[in-house]
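Here's the structure we're looking at; comments come further down.
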Amino acid sequence: MTARPEVGDLVWDEGACKVGRVMDKVGPRWQLKPPGGGREWDARGALLPATAAERLSAGVALANTRSRGERP
């Protein structure tokens, strides 16, 4: 990522191959969380700004989870 991500930004974690919301940075590690909530993880690779398609995909996955009555 050319600019440092800020808390709340949606990013693509290249190592985990998924979209996450930046929650914090502890030492050299970024903590990310799924956009709809859930368990945090340490970023495993480079962080890139989430594209419009990645944002849409994450939103659809969240809506599907909620429609099934599951918790994100």
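The table below gives the values:
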quantity: Under the Debye formula (equal points on every Cα, no solvent term), log10 I(q)/I(0) of the chain at q = 0.15 Å⁻¹; calculated: -0.46
quantity: Pairwise FRET efficiency - residue 65 versus residue 44, Cβ, R0 = 22 Å, nearest 0.05; calculated: 0.45
quantity: Whole-number accessible area per residue in Å² for the chain, which is evaluated in the context of all protein chains at 1.4 Å; calculated: 66 Å²
quantity: Cα-centre dipole for the chain with unit charges at Cβ (Lys and Arg positive, Asp and Glu negative), debye to 20; calculated: 220 debye
quantity: Carbon + sulfur, % of accessible area of the chain - ligands and nucleic acids excluded, 1.4 Å; calculated: 51 percent
quantity: Whole-Hz ³J(HN,Hα) from phi, Karplus 6.51 cos²θ - 1.76 cosθ + 1.60, for region 12-21, glycine and proline x; calculated: 9, 8, 4, x, 8, 6, 7, 7, x, 9
quantity: Expected 222 nm ellipticity per residue - DSSP helices of 4 or more, -39500 (n - 2.57), all of the chain, to 500; calculated: -7500 deg cm²/dmol
quantity: Within region 42-58: backbone nitrogen closer than 14 Å to the residue 29 label point (7 Å, Cα to C-beta); calculated: 42-45
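The values are calculated or read from the model by the stated rules, or taken from the named source; none is laboratory data. Quantities reported herein were computed from a predicted structural model and do not represent experimental measurements. Glycine gets a Cβ as well: all are built from the backbone with ideal geometry, and neighbour counts include every protein chain shown. With ligands, DNA and RNA removed, areas are computed over all heavy atoms of the protein, side chains included. Shrake-Rupley method; radii C 1.70, N 1.55, O 1.52, S 1.80 Å.
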